[in-house]
Amino acid sequence: MTDRRSESRNLTQTSVNITVDGVGLRCSMRNLSPSGCMIECLDIVADIGKPVTITLLPGYVAQGQVAWQLGQSIGVFFLEPVPQHVVRHYALDDWMLRSDWSASSLHIGKGPDSPD
């Protein structure tokens, strides 16, 4: 099996509501990237290509398709990229994902009137 993702996966540990081919489930999301995620769920049956919706944040539902299934885990490919702020919300290591993080952005040793 070839891994076709261009983004790295961000580890997550949260429960999400998903719908797979019209069947609603409460499952665990184990990783997330803008292009997809891995879901674990007891007794899940999901054929490759079937439609998936995942409620990530209140008011934000990601649409996708089943990319693979292995035992109680499925891979979901999102039809539209998930915004980076949504990925950061779930990432266990979200401080590493922040594109604005740098020593200069911390303003260490600078007073309130110091120039940047």
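Peptides 36-47, 55-66, ordered by how many other C-beta atoms sit within 10 Å of their residues on average, highest first, read 36-47, 55-66.
Neighbouring Cβ atoms within 10 Å as the yardstick, rank 26, 88 fewest first.
Working: 26 10, 88 17.
Arranged by neighbour count, lowest to highest, 26, 88 become 26, 88.
Taking a sphere under 12 Å around the Cβ of residue 41 and counting the other residues whose Cβ falls inside, with K and R at +1 and D and E at -1, yields a net charge of 0.
No value in this document is a laboratory result; all are computed from the given coordinates. This structure is a prediction, so every number in the text was calculated from the model and none was measured. For neighbour counting, all protein chains shown are included, and Cβ atoms are generated from backbone atoms with ideal geometry for every residue, glycine included.
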